[in-house]
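A.B. asks: Dumping the structure here so I can ask a few things about it.
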Amino acid sequence: MFHCSPNPVSENICRIHKVLNKNISILLLGETGTGKDTFARAIHRASDRRGKPFIAINCAAIPESLIESELFGYEPGSFTGASRAGKQGKVMAANGGTLFLDEIGDMPAALQGRLLRVLEEREVTPLGATKVNPVDIRVISATNKSIDALVQQGSFRIDLLYRINDVVLSLPSLRERSDKIRLIETIYQQECGASEIRMSADVWHIFLDYSWPGNIRELRSVIRTALALSDGNAIGCEDLPARLVEARDRSHGGAATSAATPPLNDRDALERNRILSELEHHHWRVIDTAKFLKVSRNTLYRKMRLYGIMADNV
(Lines give C-alpha, C1' and ligand atoms only; values in the text may rest on other atoms or scores of the structure.)
Protein backbone atom coordinates (compact mmCIF):
# COMPACT_ATOMS: atom_id res chain seq x y z
CA MET A 1 0.00 0.00 0.00
CA PHE A 2 1.14 3.57 -0.64
CA HIS A 3 2.42 5.79 2.16
CA CYS A 4 3.15 9.51 1.98
CA SER A 5 6.42 11.14 3.05
CA PRO A 6 8.10 14.44 2.22
CA ASN A 7 9.84 13.86 -1.14
CA PRO A 8 8.79 14.29 -4.81
CA VAL A 9 7.96 10.62 -5.31
CA SER A 10 5.76 10.58 -2.22
CA GLU A 11 4.04 13.79 -3.32
CA ASN A 12 3.09 11.90 -6.48
CA ILE A 13 1.86 9.01 -4.35
CA CYS A 14 -0.32 11.32 -2.26
CA ARG A 15 -1.93 12.65 -5.44
CA ILE A 16 -2.51 9.10 -6.67
CA HIS A 17 -4.27 8.27 -3.39
CA LYS A 18 -6.95 10.83 -4.21
CA VAL A 19 -7.79 9.35 -7.62
CA LEU A 20 -6.81 5.73 -7.04
CA ASN A 21 -10.25 4.21 -7.62
CA LYS A 22 -11.76 6.89 -9.84
CA ASN A 23 -12.16 6.76 -13.61
CA ILE A 24 -9.27 9.16 -14.15
CA SER A 25 -6.41 8.62 -16.59
CA ILE A 26 -2.81 9.07 -15.49
CA LEU A 27 0.18 10.25 -17.52
CA LEU A 28 3.66 9.50 -16.15
CA LEU A 29 6.56 11.63 -17.36
CA GLY A 30 10.20 10.93 -16.70
CA GLU A 31 13.57 10.05 -18.10
CA THR A 32 14.33 6.52 -19.23
CA GLY A 33 14.88 4.25 -16.26
CA THR A 34 13.06 6.33 -13.63
CA GLY A 35 10.64 3.51 -12.84
CA LYS A 36 7.51 4.52 -14.76
CA ASP A 37 6.54 0.88 -15.36
CA THR A 38 7.11 0.01 -11.69
CA PHE A 39 5.05 3.01 -10.59
CA ALA A 40 2.20 2.07 -12.93
CA ARG A 41 2.15 -1.50 -11.59
CA ALA A 42 2.11 -0.16 -8.02
CA ILE A 43 -0.93 1.99 -8.85
CA HIS A 44 -2.72 -1.07 -10.23
CA ARG A 45 -1.86 -3.24 -7.22
CA ALA A 46 -3.10 -0.58 -4.80
CA SER A 47 -6.40 -0.01 -6.64
CA ASP A 48 -9.64 -1.94 -6.52
CA ARG A 49 -8.70 -3.34 -9.97
CA ARG A 50 -5.82 -5.34 -8.45
CA GLY A 51 -7.58 -8.68 -9.06
CA LYS A 52 -7.93 -7.94 -12.78
CA PRO A 53 -5.24 -7.92 -15.49
CA PHE A 54 -2.44 -5.37 -15.77
CA ILE A 55 -1.58 -5.27 -19.48
CA ALA A 56 1.47 -3.31 -20.62
CA ILE A 57 2.32 -2.45 -24.19
CA ASN A 58 5.44 -0.59 -25.31
CA CYS A 59 4.31 1.61 -28.18
CA ALA A 60 7.92 2.15 -29.30
CA ALA A 61 8.83 -1.55 -29.44
CA ILE A 62 6.07 -2.85 -31.75
CA PRO A 63 6.35 -2.33 -35.54
CA GLU A 64 3.88 0.25 -36.80
CA SER A 65 2.29 -2.36 -39.05
CA LEU A 66 1.44 -4.58 -36.07
CA ILE A 67 0.52 -2.15 -33.31
CA GLU A 68 -3.11 -1.81 -34.38
CA SER A 69 -3.69 -5.57 -34.30
CA GLU A 70 -1.76 -5.79 -30.99
CA LEU A 71 -3.97 -3.17 -29.36
CA PHE A 72 -7.36 -4.03 -30.82
CA GLY A 73 -7.05 -7.64 -31.98
CA TYR A 74 -8.44 -9.08 -35.18
CA GLU A 75 -10.95 -11.56 -36.60
CA PRO A 76 -9.84 -14.75 -38.39
CA GLY A 77 -8.55 -14.06 -41.91
CA SER A 78 -8.55 -10.29 -41.48
CA PHE A 79 -5.24 -9.89 -43.31
CA THR A 80 -2.47 -11.95 -44.86
CA GLY A 81 -0.63 -13.86 -42.17
CA ALA A 82 -3.42 -13.49 -39.62
CA SER A 83 -4.07 -16.40 -37.28
CA ARG A 84 -6.97 -18.62 -38.31
CA ALA A 85 -8.35 -18.33 -34.80
CA GLY A 86 -8.10 -14.55 -34.70
CA LYS A 87 -6.51 -12.73 -31.78
CA GLN A 88 -7.65 -10.81 -28.75
CA GLY A 89 -6.10 -7.35 -28.52
CA LYS A 90 -4.35 -5.86 -25.50
CA VAL A 91 -7.25 -3.50 -24.83
CA MET A 92 -9.75 -6.33 -24.40
CA ALA A 93 -7.20 -8.38 -22.47
CA ALA A 94 -7.09 -5.51 -19.93
CA ASN A 95 -10.88 -5.48 -19.52
CA GLY A 96 -11.73 -4.79 -15.88
CA GLY A 97 -8.11 -3.93 -15.12
CA THR A 98 -5.39 -1.52 -16.21
CA LEU A 99 -3.93 -0.82 -19.65
CA PHE A 100 -0.42 0.64 -19.46
CA LEU A 101 0.68 2.41 -22.64
CA ASP A 102 4.42 2.88 -22.28
CA GLU A 103 6.24 5.32 -24.58
CA ILE A 104 2.92 6.61 -25.86
CA GLY A 105 4.74 9.51 -27.47
CA ASP A 106 5.94 7.03 -30.11
CA MET A 107 2.45 5.85 -31.05
CA PRO A 108 1.87 6.24 -34.82
CA ALA A 109 -0.32 9.24 -35.65
CA ALA A 110 -2.79 7.12 -37.65
CA LEU A 111 -3.44 4.89 -34.63
CA GLN A 112 -4.00 7.75 -32.20
CA GLY A 113 -7.47 8.41 -33.62
CA ARG A 114 -8.58 4.80 -33.02
CA LEU A 115 -7.27 4.87 -29.47
CA LEU A 116 -9.10 8.15 -28.87
CA ARG A 117 -12.39 6.58 -29.96
CA VAL A 118 -11.84 3.61 -27.66
CA LEU A 119 -11.19 5.91 -24.70
CA GLU A 120 -14.21 8.08 -25.48
CA GLU A 121 -16.71 5.32 -26.28
CA ARG A 122 -15.25 2.52 -24.14
CA GLU A 123 -15.80 0.12 -27.02
CA VAL A 124 -13.39 -1.96 -29.12
CA THR A 125 -13.86 -3.21 -32.66
CA PRO A 126 -11.23 -5.77 -33.69
CA LEU A 127 -9.80 -5.57 -37.21
CA GLY A 128 -12.17 -7.23 -39.67
CA ALA A 129 -15.08 -7.29 -37.19
CA THR A 130 -18.41 -5.50 -37.29
CA LYS A 131 -19.42 -6.19 -33.70
CA VAL A 132 -18.21 -3.80 -31.02
CA ASN A 133 -17.18 -5.03 -27.59
CA PRO A 134 -17.66 -2.89 -24.48
CA VAL A 135 -14.50 -2.49 -22.41
CA ASP A 136 -13.83 -1.24 -18.89
CA ILE A 137 -10.20 -0.17 -18.43
CA ARG A 138 -8.05 2.16 -16.37
CA VAL A 139 -5.50 3.81 -18.69
CA ILE A 140 -2.03 4.77 -17.50
CA SER A 141 0.34 6.20 -20.09
CA ALA A 142 4.02 7.04 -19.90
CA THR A 143 6.67 8.75 -21.99
CA ASN A 144 10.18 10.12 -21.71
CA LYS A 145 9.41 12.73 -24.38
CA SER A 146 7.82 16.16 -24.14
CA ILE A 147 4.20 15.55 -25.12
CA ASP A 148 3.60 19.29 -25.42
CA ALA A 149 6.43 19.53 -27.95
CA LEU A 150 5.02 16.59 -29.91
CA VAL A 151 1.62 18.32 -30.02
CA GLN A 152 3.24 21.53 -31.28
CA GLN A 153 5.06 19.54 -33.96
CA GLY A 154 1.77 17.96 -35.04
CA SER A 155 2.90 14.40 -34.30
CA PHE A 156 0.60 13.88 -31.31
CA ARG A 157 -3.13 14.65 -31.23
CA ILE A 158 -4.08 17.24 -28.67
CA ASP A 159 -7.55 15.69 -28.23
CA LEU A 160 -5.88 12.38 -27.31
CA LEU A 161 -3.59 14.21 -24.89
CA TYR A 162 -6.68 15.59 -23.12
CA ARG A 163 -7.93 12.01 -22.74
CA ILE A 164 -4.77 10.62 -21.14
CA ASN A 165 -3.57 13.52 -18.95
CA ASP A 166 -6.27 13.90 -16.29
CA VAL A 167 -3.44 13.58 -13.75
CA VAL A 168 0.15 14.21 -14.87
CA LEU A 169 2.98 13.02 -12.64
CA SER A 170 6.68 13.69 -13.21
CA LEU A 171 9.01 11.04 -11.81
CA PRO A 172 12.32 12.60 -10.73
CA SER A 173 15.64 11.33 -12.03
CA LEU A 174 17.82 9.39 -9.61
CA ARG A 175 20.28 12.30 -9.31
CA GLU A 176 17.41 14.58 -8.21
CA ARG A 177 15.91 12.31 -5.58
CA SER A 178 16.24 13.40 -1.96
CA ASP A 179 15.99 9.75 -0.90
CA LYS A 180 18.85 8.62 -3.15
CA ILE A 181 20.84 7.04 -0.31
CA ARG A 182 17.87 5.08 0.96
CA LEU A 183 17.00 3.99 -2.60
CA ILE A 184 20.55 2.80 -3.32
CA GLU A 185 20.55 0.82 -0.06
CA THR A 186 17.16 -0.73 -0.86
CA ILE A 187 18.13 -1.82 -4.36
CA TYR A 188 21.48 -3.10 -3.11
CA GLN A 189 19.74 -5.26 -0.50
CA GLN A 190 17.28 -6.53 -3.12
CA GLU A 191 20.10 -7.56 -5.44
CA CYS A 192 22.24 -9.00 -2.62
CA GLY A 193 19.50 -11.29 -1.37
CA ALA A 194 21.00 -13.64 1.21
CA SER A 195 24.54 -12.70 0.20
CA GLU A 196 26.73 -10.90 2.75
CA ILE A 197 28.80 -9.01 0.16
CA ARG A 198 29.20 -5.41 1.31
CA MET A 199 29.78 -2.22 -0.61
CA SER A 200 33.17 -0.59 -0.01
CA ALA A 201 33.43 3.04 1.09
CA ASP A 202 34.97 4.06 -2.25
CA VAL A 203 32.06 2.51 -4.14
CA TRP A 204 29.59 4.38 -1.91
CA HIS A 205 31.29 7.67 -2.79
CA ILE A 206 31.19 6.84 -6.50
CA PHE A 207 27.49 5.88 -6.33
CA LEU A 208 26.57 9.09 -4.52
CA ASP A 209 28.53 11.35 -6.89
CA TYR A 210 27.64 9.68 -10.19
CA SER A 211 24.92 11.36 -12.28
CA TRP A 212 23.17 8.06 -13.23
CA PRO A 213 21.91 9.01 -16.73
CA GLY A 214 20.18 5.62 -16.92
CA ASN A 215 18.56 6.20 -13.53
CA ILE A 216 17.23 3.27 -11.47
CA ARG A 217 17.57 0.83 -14.36
CA GLU A 218 21.28 1.66 -14.69
CA LEU A 219 21.80 1.53 -10.90
CA ARG A 220 20.26 -1.93 -10.65
CA SER A 221 22.30 -3.20 -13.60
CA VAL A 222 25.57 -1.83 -12.16
CA ILE A 223 24.91 -3.38 -8.72
CA ARG A 224 23.89 -6.75 -10.17
CA THR A 225 27.01 -6.90 -12.36
CA ALA A 226 29.34 -5.74 -9.58
CA LEU A 227 28.02 -8.42 -7.23
CA ALA A 228 28.62 -11.06 -9.90
CA LEU A 229 32.17 -9.86 -10.55
CA SER A 230 33.20 -9.47 -6.91
CA ASP A 231 35.71 -12.04 -5.64
CA GLY A 232 35.76 -10.87 -2.02
CA ASN A 233 33.34 -9.92 0.74
CA ALA A 234 32.85 -6.38 -0.62
CA ILE A 235 32.42 -4.91 -4.09
CA GLY A 236 35.21 -2.50 -4.98
CA CYS A 237 35.98 0.02 -7.70
CA GLU A 238 37.51 -2.75 -9.83
CA ASP A 239 34.05 -4.38 -10.02
CA LEU A 240 32.38 -1.27 -11.45
CA PRO A 241 32.01 -0.24 -15.10
CA ALA A 242 34.86 2.03 -16.24
CA ARG A 243 32.48 4.92 -16.89
CA LEU A 244 31.67 5.28 -13.17
CA VAL A 245 35.32 5.30 -12.06
CA GLU A 246 36.25 7.68 -14.87
CA ALA A 247 33.43 10.05 -13.85
CA ARG A 248 34.79 10.00 -10.28
CA ASP A 249 38.32 10.71 -11.50
CA ARG A 250 37.15 13.64 -13.63
CA SER A 251 35.20 15.26 -10.79
CA HIS A 252 37.78 14.63 -8.02
CA GLY A 253 41.03 14.71 -9.92
CA GLY A 254 41.58 10.99 -9.44
CA ALA A 255 40.96 11.07 -5.67
CA ALA A 256 39.18 8.05 -4.30
CA THR A 257 36.92 10.07 -2.03
CA SER A 258 35.33 13.50 -1.91
CA ALA A 259 37.58 16.21 -0.50
CA ALA A 260 34.85 17.21 1.93
CA THR A 261 34.73 13.75 3.46
CA PRO A 262 37.63 11.91 5.12
CA PRO A 263 38.47 8.35 3.95
CA LEU A 264 36.13 5.93 5.72
CA ASN A 265 36.13 2.24 6.36
CA ASP A 266 33.08 0.26 5.25
CA ARG A 267 31.35 0.40 8.64
CA ASP A 268 31.80 4.17 8.97
CA ALA A 269 30.63 4.70 5.40
CA LEU A 270 27.41 2.84 6.13
CA GLU A 271 26.87 4.88 9.32
CA ARG A 272 27.50 8.12 7.42
CA ASN A 273 25.00 7.16 4.74
CA ARG A 274 22.45 6.18 7.39
CA ILE A 275 22.80 9.56 9.11
CA LEU A 276 22.51 11.43 5.81
CA SER A 277 19.42 9.46 4.85
CA GLU A 278 17.65 10.15 8.15
CA LEU A 279 18.61 13.84 8.12
CA GLU A 280 17.02 14.18 4.68
CA HIS A 281 14.00 12.16 5.78
CA HIS A 282 13.51 14.49 8.78
CA HIS A 283 14.10 17.68 6.74
CA TRP A 284 17.50 18.20 8.40
CA ARG A 285 15.91 18.63 11.83
CA VAL A 286 18.74 17.45 14.06
CA ILE A 287 16.58 16.99 17.17
CA ASP A 288 14.09 14.75 15.34
CA THR A 289 16.87 12.83 13.61
CA ALA A 290 18.78 12.27 16.85
CA LYS A 291 15.60 11.06 18.55
CA PHE A 292 14.92 8.61 15.71
CA LEU A 293 18.52 7.33 15.80
CA LYS A 294 18.35 7.14 19.61
CA VAL A 295 21.46 9.29 20.17
CA SER A 296 21.92 12.67 21.83
CA ARG A 297 21.94 15.82 19.75
CA ASN A 298 25.61 16.47 20.67
CA THR A 299 26.54 12.96 19.54
CA LEU A 300 24.80 13.49 16.23
CA TYR A 301 26.57 16.82 15.69
CA ARG A 302 29.90 15.17 16.49
CA LYS A 303 29.30 12.38 13.98
CA MET A 304 28.22 14.91 11.36
CA ARG A 305 31.53 16.77 11.81
CA LEU A 306 33.46 13.50 11.79
CA TYR A 307 31.86 12.36 8.52
CA GLY A 308 32.02 15.73 6.79
CA ILE A 309 28.24 16.15 6.65
CA MET A 310 27.52 19.81 6.05
CA ALA A 311 25.01 21.33 8.46
CA ASP A 312 24.11 24.33 6.28
CA ASN A 313 20.54 23.08 5.94
CA VAL A 314 20.02 22.57 9.68
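The values are calculated or read from the model by the stated rules, or taken from the named source; none is laboratory data. Since the structure is predicted, the reported quantities are computational estimates derived from the model, not experimental observations. Every residue, glycine among them, receives a Cβ derived from its backbone with ideal geometry; neighbour counts consider all protein chains shown. Protein only, heavy atoms only, side chains kept; ligands, DNA and RNA dropped before computing areas. Shrake-Rupley method; radii C 1.70, N 1.55, O 1.52, S 1.80 Å.
A.B. asks: Provide the solvent-accessible area of Asp249, counting protein heavy atoms only and rolling a 1.4 Å probe, rounded to the nearest 10 Å².
C.D. replies: Estimated to the nearest 10 Å², Asp249 gives 60 Å².
A.B. asks: With a 1.4 Å probe and all protein chains left in place, how much accessible area per residue does the chain have, in Å²?
C.D. replies: Numbers: 15990 Å² over 314 residues.
Here the per-residue accessible area is 51 Å².
A.B. asks: Let me cross-check Leu270: its accessible surface, 1.4 Å probe, with only protein heavy atoms counted, in Å² to the nearest 10?
C.D. replies: Looks like 80 Å² after rounding.
A.B. asks: Expressed as a whole percentage, what fraction of the accessible surface of the stretch 170-259 belongs to carbon and sulfur atoms when a 1.4 Å probe is rolled over the protein heavy atoms?
C.D. replies: Numbers: 2100 of 4350 Å².
Result for the stretch 170-259: 48 percent of the exposed heavy-atom area is carbon or sulfur.
A.B. asks: For the stretch 1-91, treating each Cα as an identical point scatterer without solvent, what Debye log10 I(q)/I(0) comes out at q = 0.11, 0.23 1/Å?
C.D. replies: -0.46, -1.19
A.B. asks: Eight or more residues apart or on different chains, and alpha-carbon atoms under 28 Å: count the Lys pairs in the stretch 63-193 matching that.
C.D. replies: On the way: Lys87/Lys131; Lys90/Lys131; Lys90/Lys145; Lys145/Lys180.
So the count works out to 4.
A.B. asks: How large is the accessible surface of Cys14 in square angstrom, using a 1.4 angstrom probe and rounding to the nearest 10?
C.D. replies: 40
A.B. asks: Let me ask something else about it. Once both labels are modelled 7 Å past Cα along the beta-carbon direction, what's the Arg297-Ala194 spacing in nm?
C.D. replies: Label-label distance for Arg297 and Ala194, simple model: 4.7 nm.
A.B. asks: Given a Förster radius of 25 Å and the C-beta distance between Ala60 and Ala109 as r, what FRET efficiency does 1/(1 + (r/R0)^6) yield to the nearest 0.05?
C.D. replies: Details: r = 14 Å, r/R0 = 0.56.
It comes out at approximately 0.95.
A.B. asks: Take the alpha carbon atoms of the stretch 68-119, find their center, do the same for the stretch 272-300, and report the distance between the two centers in whole angstrom.
C.D. replies: 52
A.B. asks: Can you give the alpha-carbon Rg of the chain over 2.2 N^0.38 Å, where N counts its residues?
C.D. replies: Numbers: Rg = 24.0 Å, N = 314, 2.2 N^0.38 = 19.6 Å.
Rounded to two decimals, the normalised Rg is 1.23.
A.B. asks: Which length gain, in nm to one decimal place, applies between Val19 and Gln153 when the Cα-Cα distance is subtracted from 0.36 nm times their residue separation? The partial results should precede the final answer.
C.D. replies: Working: separation 134, 0.36 × 134 = 48.24 nm, distance 3.10 nm.
Taking 0.36 nm per residue and subtracting the Cα distance, the gain is 45.1 nm.
A.B. asks: Leaving ligands, DNA and RNA out of it, rank Val124, Val295 by accessible area with a 1.4 Å probe, largest first. Numbers along the way, then the final one.
C.D. replies: Working: Val124 0, Val295 55 Å².
Descending order: Val295, Val124.
A.B. asks: Separate question: Could you rank Lys18, Lys90 by how accessible they are, 1.4 Å probe, largest area first? Numbers along the way, then the final one.
C.D. replies: On the way: Lys18 150, Lys90 65 Å².
Highest to lowest solvent-accessible surface, that is Lys18, Lys90.
A.B. asks: OK, next. Using 0.36 nm per residue, how much length does the chain from Asp209 to Thr130 gain when fully extended, once their Cα-Cα distance is taken away?
C.D. replies: Working: separation 79, 0.36 × 79 = 28.44 nm, distance 5.84 nm.
Extra length available between Asp209 and Thr130 comes to 22.6 nm.
A.B. asks: Here's another thing I want to ask about it. Quick one: with all protein chains in place, what share of the accessible area of the stretch 54-164 is carbon or sulfur, to the nearest percent (1.4 Å probe)? Don't jump to the answer; show the numbers that get you there.
C.D. replies: Values: 2430 of 5250 Å².
That share works out to 46 percent.
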